[in-house]
Amino acid sequence: MRLPPLPDDEWDDRTREALSALLPRRLRDERGAGPAMSRLARHPDLTEAFLSFSVYILFRSTLPARVRELATLRVAARRECAYEWVHHQKLAREAGLTEAEIEAAGRGKADAPLDVLVLTAVDELEERSTLSDRTWEALEEHLDERQRMDLVFTVGAYAVMAMAFNTFGVVPDIEGSGHDH
């Protein structure tokens, strides 16, 4: 294991404070934090800075939840991030995606015009770090300027998290005991 969870006896006030943006006080320990956050707890300053951004992406972004989760699932599939894929399937279902739509998103496939555009946008950003004029203009028919900006940052945020989770050895908590968000 490259980066094990921070053991409970090493959690201090600074560590718990760093996770406060995302976790209630009762979950600020190794088990409560879950497989991802208990590893990020090893670097409180970085975690606190990144979680501020992540909380915006997950809870305050202007994107509809469905768009956010489609983008996240596609990033997770492209980056082969099992943790993100498993964790965001639940969020995708809560956002109204069906099991078939979730599976298809992983392959970059969709039926609804906006869904197709979102998956295309993720693929373009992942491949070229930019959107084509065609995709940007097509997205404009469905998403306003701030939403399109949020889409770009959502893809980037989950790409960074996928890199971190894959590198640190974060795997899905199949028992469901962790509470990562």
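Each value in this text was obtained by applying a stated rule to the coordinates, not by laboratory testing. On a predicted model such as this, the values are computed, not experimentally measured, just so you know. In this analysis, Cβ positions are derived from the backbone assuming ideal geometry, glycine residues included, and neighbour counts consider all displayed protein chains.
Quick check: from the Cα gyration tensor, does the chain come out rounded (a/c under 1.5), prolate or oblate?
Details: a/c = 2.14, a/b = 1.84, b/c = 1.16.
In terms of gyration-tensor shape, prolate.
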> So for the stretch 9-58, taking the charge dipole from beta-carbon charges (+1 Lys/Arg, -1 Asp/Glu), which of 37, 58, 19 sits furthest toward the positive end?
Replying inline: 58
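Dipole magnitude of the stretch 7-154 about its Cα centre, charges +1 at Lys/Arg Cβ and -1 at Asp/Glu Cβ only, in debye to the nearest 20? All intermediate terms of the calculation are to be shown ahead of the outcome.
Numbers: 22 positive and 30 negative charges, 61 e Å.
It comes to approximately 300 debye.
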> Over the chain, what is the mean sequence separation of C-alpha contacts under 8 Å (at least six apart), divided by residue count, expressed as relative contact order in percent?
Replying inline: 32
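Set the Förster distance to 22 Å, then compute FRET efficiency between residue 12 and residue 91 from the Cβ-Cβ distance, nearest 0.05. If you can, show how the numbers build up before the last one.
Working: r = 30 Å, r/R0 = 1.38.
The formula returns an efficiency of 0.10 here.
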> Can you put 25, 148 in order, fewest other beta carbons within 10 Å first?
Replying inline: 25, 148
> So what is the 222 nm mean residue ellipticity for the chain from helices alone, if each DSSP H run of at least 4 adds -39500 (n - 2.57) and you divide by all residues, rounding to the nearest 500 deg cm²/dmol?
Replying inline: -19500 deg cm²/dmol
> residue 128 versus residue 56, label points 7 Å from Cα toward the beta carbon: distance in nm?
Replying inline: 2.7
>> Rounded, prolate or oblate, given the Cα gyration tensor of the stretch 63-168, with a/c below 1.5 counting as rounded?
In response: oblate
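Hey, what's the per residue convex hull volume over the C-alpha atoms of the stretch 1-98, in cubic angstrom? Write down the numbers at each step before the final one.
On the way: hull volume 10.7 nm³, N = 98.
Spelled out: Cα convex hull of the stretch 1-98, divided by residues, is 109 Å³.
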